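Engineer: Just dropping this structure here.
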């Protein structure tokens with residue numbers, strides 16, 4: 001993570017961002033409104049030359065009390081306003097894709113207490129230079145085992161299995177839709193060049209040879225219907241529900257502005273259309289408000305709950321005063337690092353495809369709370385109730401399985 005002296009304003013950082021041309025994380029401690037506005041204007045008004053879509057992450061709030069004091073409490077608002085001023089839009093499902101250029105999103109890691117804003121700038125694609133300085137075609141498919149590539153080229157039946165297993169949430173599905181759209185757009189660009197008898201770059205040839213646009217379209221139609229149904233059936237997480245309601249509110253505000261303009265011009269046809277649109281939006285808002293938020297199961301939640309309970313017990317043993325620990329208690333304390341390492345492995349393996357850190361952390365936080373309740377229940381019962389089945393040793397043989405590749409290129413995690 002890069003940090004710059006706020007006393008230099010945004011100029012030094014903006015020059016660094018544009019010159020570097022790669023995704024990076026920056027700490028905005030000490031930045032005020034004027035510096036933030038200068039940074040955004042100088043760094044992102046014009047497209048950045050890059051070999052691939054970019055993601056810049058700006059740290060705008062720290063976890064510990066002493067760190068929080070380094071940041072202006074309104075820094076997120078300053079940054080968002082400056083981005084909107086140059087035409088950027090907020091998109092909570094944005095990721096590093098060509099289709100997401102000119103967007104941004106705010107994130108809050110509740111576990112670490114860290115607040116960030118991710119910016120996806122407009123870019124001018126350039127060829128990557130080889131060792132001899134010659135241009136090399138930028139490869140969109142850098143990893144044939146990547147989730148987005150496997151989803152694009154597999155059969156429809158396998159695609160449905162993938163989505164059910166690895167793409168659970170509304171936002172994950174929306175991100176996958178964008179990846180699919182990106183592949184189809186690149187395919188059509190290559191097809192147009194061939195129709196004009198123009199040669200293809202290595203990347204374009206790779207796309208043209210591997211992508212079936214009709215097959216991707218079938219997947220897109222099916223996945224789009226799932227995304228719509230998740231809203232209608234109340235299958236949104238708390239953050240997604242808030243996101244949808246915010247989008248509806250923005251559209252209602254736009255309707256109000258358009259209604260005032262149409263009223264002044266006495267445009268009855270447009271007024272009727274706006275009124276109908278506003279009614280539909282209010283019905284949609286009522287529908288979303290009528291459903292409670294959902295949470296998606298964490299893959300290794302049983303073992304993670306057990307580990308959390310054990311770590312709480314270990315912490316109490318470490319803080320024991322007035323007596324020596326028994327041999328068994330000393331052994332339990334000695335397992336702490338092993339348990340922490342195991343928890344990290346399980347948490348990473350529980351991440352779904354296209355799932356952001358903030359989203360995974362929200363799911364893990366609920367599992368930790370369940371582990372805390374488990375520990376409290378055992379403590380209230382005097383430690384009785386049998387051995388926990390979620391320990392580090394018991395779980396070592398699970399969740400560490402390798403990856404099996406079937407004929408469709410679908411990596412299935414062994415369970």
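Each reported figure results from applying straightforward, stated rules to the coordinates on display, with no laboratory input. Computed from a predicted structure; not experimentally measured. Here the Cβ positions follow ideal geometry from the backbone for every residue, glycine too, while neighbour counts run over all protein chains shown.
Engineer: Only counting other Cβ atoms within 10 Å, I'd like 287, 150 sorted with the fewest neighbours first.
Structural biologist: Fewest-to-most Cβ neighbours within 10 Å comes out as 287, 150.
Engineer: Neighbour counts of other C-beta atoms within 10 Å: give me 257, 367, 333, 244 arranged from fewest to most.
Structural biologist: 257, 333, 244, 367
Engineer: Given a Förster distance of 41 Å, report the FRET efficiency between residue 225 and residue 366 from their Cβ-Cβ distance, rounded to the nearest 0.05.
Structural biologist: Once the sixth-power term is evaluated, E becomes 0.90.
Engineer: Taking the Cα-to-Cβ direction at residue 232 and at residue 85 and moving 7 Å from each Cα, how far apart do the two end points lie in nm?
Structural biologist: 4.3 nm
Engineer: Another question, then. If you split all Cα-Cα distances of the range 238-289 into 5 Å bins from zero, what percentages do you get per bin, shortest first?
Structural biologist: The distribution over the range 238-289 is 4, 22, 26, 19, 13, 8, 5, 2, 0, given as percents.
Engineer: What length, rounded to one decimal in nm, is gained on full extension from residue 282 through to residue 41, with 0.36 nm per residue of separation minus their alpha-carbon distance?
Structural biologist: Gain in length upon complete extension: 83.1 nm.
Engineer: Could you work out how much longer the chain between residue 257 and residue 302 gets when fully extended? Use 0.36 nm per residue separation minus the Cα distance between them, nm to one decimal.
Structural biologist: Length gained between residue 257 and residue 302: 11.1 nm.
Engineer: Need the full-extension length gain, residue 266 to residue 164, defined as separation in residues times 0.36 nm minus the C-alpha distance. One decimal, nm.
Structural biologist: Separation in residues times 0.36 nm, less the Cα-Cα distance, equals 31.7 nm.
Engineer: Please pull out the direction-averaged projected area of the range 135-232, using the convex hull of its alpha-carbon atoms, in nm² to one decimal place.
Structural biologist: One quarter of the hull surface, i.e. the mean projection, equals 6.7 nm².
Engineer: With r as the distance between the Cβ atoms of residue 377 and residue 289 and R0 = 41 Å, compute the FRET efficiency 1/(1 + (r/R0)^6) and round to 0.05.
Structural biologist: 0.75
Engineer: Would you mind getting me the FRET efficiency between residue 156 and residue 189? Use the beta-carbon distance for r and R0 = 22 Å, nearest 0.05.
Structural biologist: Efficiency, from the Cβ-Cβ distance: 0.35.
Engineer: Starting with the fewest neighbours, write out 170, 353, 222 ranked by other beta-carbon atoms found within 10 Å of each beta-carbon.
Structural biologist: 222, 353, 170
Engineer: Limiting things to C-alpha atoms, what are the Rg and the maximum Cα-Cα separation (Dmax) for the range 2-125, in angstroms?
Structural biologist: Every Cα atom of the range 2-125 included, Rg and Dmax give 13.5, 42 Å.
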